[in-house]
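> One structure, as structure tokens, below. Some questions next.
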Amino acid sequence: MDMMRDILESDPEIAALMEKELGRIRDGVELIPSENFVSKAVLQAMGSVFTNKYSEGYPRKRYYGGQEFVDSMEELAIERAKKLFGCEHVNVQPYSGSPANMAVFFSLLEVGDSYMGLDLNAGGHLTHGSPVNFSGKLFRINPYTVDRKTHLLDMEEIRKQALAIKPRMILTGLTAYPRKIDFKAFQEICDEVEAYHFSDISHISGLCATGVHESPVKYADVVTTTTHKTLRGPRGAIIMCKKADRYQKKYHPESKKDLAGLIDFNVFPGIQGGPHDHVNAAKAVAFQEALKPDFKIYAKQIVKNAKAMADELMSRGIKLVTDGTDNHLMVIDLSAKNLTGKGKEIQAALDQANIHANKNTIPFEPGSPFNPSGIRLGTPAVTTRNMKENDMKEIARGIATVIDNYNDSKKIEKVKADILELCSNFPLYPGMDMLK
Ligand code: DSN
């Protein structure tokens, strides 16, 4: 691409690393479920002149001049996000998922308030209450977890916990839970205990936007999502919310702001300064792409691919947490193969075979977060490459071979050769090479 030529001249070291990264992603299958490959249009928006501007504030209410085009761009991003998710209000400025979630905590809770969120080991996120994160340090987390036997969310148990604790907020959302979340059931619990419902759909937002997974937007007070996972946009996040604060009298008696006002105020000036306009332009481009009919076909294929991969893995004797998947991700339980705590080694062996996945905790992890007993896999990126069910089966066979022979470099080399051949049939970013 033309826009790449300058960097080749001005900074050959970085250019060479970019070129190598392009080769790495082309020659491997990307199964880290939080990663994806954005379109060239999204890349171009990120590399645009919008990177130069400072725009503290919101459209038509900024602190600096020269905003006429930034304002129109951000308004487009807002309108497209509203249309895509059917939300009442959206803030498109969060730099990424963690600051977005932080703004929600500061909007809904006071420091020290209690809330419930999915335990990290069971598939939650750092910002859902981990003790090393602001969400666990500043606020009182009462984690809910999955059933010890089935590893599924048990809504009756969660309800009992909520009735006992009376949290001010219940957080729904996942990073490693492979099944559908019953957002309506969560909402009923929130209503019963008068808790805010905050849903972080970062992993599944591409599925929610297309109706492939139920969306919490119609229920929850606030919904966040990163924009770079199944949604296939740039690194970043958005916050969607209802306009009205339904617990204003109870929890914010002094506040003159509605919920939308609280969220906006906590993003800027509460947590962030100037928005990243180039990224917000790329978000707008990605939302436009996600509104097209093709994107629904893509989202459906992500789930079909995940199911095909899960079935093949299980038929090869691999145990999956919950014995399958409903969404885009799976978690392999290595403890069932006497590989407890070997997630790191298996991840490295898979990388040698050009299969990129990540080590992950399993529910009630017997190892540790750094040496966990799971491998997390997902299909958003391979589906973007146009791979289909048969390709998933081939990859699954490769994964099973690597797990069973993770110390056998010859067998791993053979899998790598097969993966290289598979990848050669699915070109990625054609024409983007700088050195050819
Ligand atoms: N790190 C992301 C993931 O991989 O799920 C969540 O932020």
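> Which one, Val132, Thr172, Phe50, projects farthest toward the positive side of the charge dipole computed for the chain from Cβ point charges (K/R +1, D/E -1)?
Thr172
> Helix hunt in the chain: which complete DSSP H runs extend at least 24 Å axially by C-alpha with mean Kyte-Doolittle at least -0.5? Present the calculation step by step, with values, prior to reporting the outcome.
Numbers: long enough: 68-85 (26 Å, -0.18); 293-315 (34 Å, -0.26).
Membrane-span-like by this rule: 68-85, 293-315.
> Exactly which trypsin sites (Lys or Arg not before Pro) in the range 95-156 are in a DSSP loop and have at most 14 other Cβ atoms within 10 Å? Write out the running numbers ahead of the final one.
On the way: sites: Lys137, Arg140, Arg148, Lys149; in loops: Arg148, Lys149.
Here the trypsin sites (Lys or Arg not before Pro) that fit, given the DSSP loop and packing criteria, are Arg148, Lys149.
> Same structure again: Output the Cα-based Rg and Dmax of the range 247-354 in Å, rounding Rg to one decimal and Dmax to a whole number.
Answer for the range 247-354, Rg first and Dmax second: 22.3, 60 Å.
> Right, something else. Calculate the dipole size of the range 189-244 relative to its Cα centre from +1 charges on Lys and Arg beta carbons and -1 charges on Asp and Glu beta carbons; express the result in debye to the nearest 20.
Dipole size: approximately 460 debye.
> What percent does the relative contact order of the range 277-436 come to when contacts are Cα pairs within less than 8 Å and at least six residues apart? Intermediate values should be presented prior to the final figure.
Values: 232 pairs, mean separation 36.6, N = 160.
It comes to 23 percent, rounded to a whole number.
> Leaving ligands and nucleic acids out of the surface, order Glu35, Glu157 by accessible area at 1.4 Å, largest first.
In descending accessible area the options line up as Glu157, Glu35.
> Still on this model: Quick one: compute the contact order of the range 54-185, relative version, from alpha carbon pairs under 8 angstrom and 6+ residues apart, as a percent. Let's see the in-between values first.
Working: 153 pairs, mean separation 25.2, N = 132.
Contact order relative to length: 19 percent.
> What does the extension gain come out to for Asn390 and Glu79, with contour length at 0.36 nm per residue minus their alpha carbon separation?
Extra length available between Asn390 and Glu79 comes to 108.1 nm.
> Let me ask something else. Tell me, what is the 1.4 Å probe accessible area of Met434, in Å² to the nearest 10?
Counting only protein heavy atoms, Met434 exposes about 20 Å² to solvent.
> Now for a separate question. Largest first, what is the accessible-area ranking of Phe134, Phe183 with a 1.4 Å probe? Write down the numbers at each step before the final one.
On the way: Phe134 30, Phe183 0 Å².
So, going from the largest accessible area down, we get Phe134, Phe183.
> For the chain, build the charge dipole from Cβ charges (+1 Lys, Arg; -1 Asp, Glu) around the Cα centre, then report which of Gly341, Met434, Gly211 sits farthest towards its positive end.
Gly211
> About the Cα centre, and with charges only on the beta carbon of Lys, Arg (+1) and Asp, Glu (-1), how big is the dipole of the range 34-130? Nearest 20 debye, please.
On the way: 8 positive and 11 negative charges, 78 e Å.
It comes to approximately 380 debye.
> Which one of Leu320, Phe287, Pro366 is farthest out on the positive end of the charge dipole of the range 281-383, using unit charges on Cβ (Lys, Arg +1; Asp, Glu -1) and the Cα centre as origin?
Towards the positive end, the residue furthest out is Phe287.
> Also, quick follow-up: Near the amide H of Met169, under 5 Å away, which other amide H atoms are found, from residues 5 or more places off or on another chain, if H is placed in the peptide plane?
Here Met116, Tyr196 satisfy the definition.
> Continuing with the same structure: I'd like the distance between the alpha-carbon centres of the range 236-308 and the range 165-195, rounded to an integer number of Å.
The distance from the Cα centre of the range 236-308 to that of the range 165-195 comes to 18 Å.
> Let me cross-check Asp408: its accessible surface, 1.4 Å probe, with only protein heavy atoms counted, in Å² to the nearest 10?
We get 50 Å² for Asp408.
> Counting alpha carbon pairs within less than 8 Å and at least 6 residues apart, what relative contact order, in whole percent, applies to the range 347-436?
On the way: 85 pairs, mean separation 28.0, N = 90.
Relative contact order, the range 347-436: 31 percent.
> For Lys257, give me every one of the aspartates and glutamates with a C-alpha distance below 18 angstrom, ignoring sequence neighbours fewer than eight places off in its own chain.
Once the sequence-local aspartates and glutamates are set aside, what remains near Lys257 is Glu88, Glu110, Asp221, Asp245.
> To continue, here is another question. Could you compute how much accessible surface Tyr54 exposes when probed at 1.4 Å, giving the result in Å² to the nearest 10?
It works out to around 130 Å².
> Mind checking the per residue accessible area of the range 188-284 for me, 1.4 Å probe, whole number of Å²? Don't skip to the end; give the middle numbers.
Working: 3120 Å² over 97 residues.
I get 32 Å² per residue for the range 188-284.
> Which ³J(HN,Hα) values, rounded to whole Hz and listed in residue order, are derived for the range 360-373 from phi using the Karplus coefficients 6.51, -1.76 and 1.60 in 6.51 cos²θ - 1.76 cosθ + 1.60 with θ = phi - 60°, glycine and proline given as x?
Along the range 360-373, the couplings run 8, 5, 10, x, 6, 3, x, x, 9, x, 7, 10, x, 10 Hz.
> Okay, moving on. Going from most exposed to least, what order do Phe364, Phe295 have by accessible area with a 1.4 Å probe? Display every interim value, and only then the final one.
Details: Phe364 70, Phe295 5 Å².
Descending order: Phe364, Phe295.
> What FRET efficiency would be calculated for the residue pair Asp147, Glu56, taking the C-beta separation as r and a Förster radius of 35 Å, to the nearest 0.05?
Details: r = 47 Å, r/R0 = 1.34.
Taking R0 as 35 Å, the efficiency between Asp147 and Glu56 is 0.15.
> Do any of Lys229/Lys296; Lys40/Lys283; Lys243/Lys283; Lys304/Lys388 go past 18 Å between their Cα atoms, and which?
Details: Lys229/Lys296 15 Å; Lys40/Lys283 13 Å; Lys243/Lys283 22 Å; Lys304/Lys388 8 Å.
Checking Cα-Cα distances, Lys243/Lys283 exceed 18 Å.
The values are calculated or read from the model by the stated rules, or taken from the named source; none is laboratory data. Every value quoted in this text rests on a predicted model; they were computed, and no experiment measured them. Cβ atoms come from the backbone with ideal geometry, glycine included; neighbour counts cover every protein chain shown. With ligands, DNA and RNA removed, areas are computed over all heavy atoms of the protein, side chains included. Shrake-Rupley method; radii C 1.70, N 1.55, O 1.52, S 1.80 Å.
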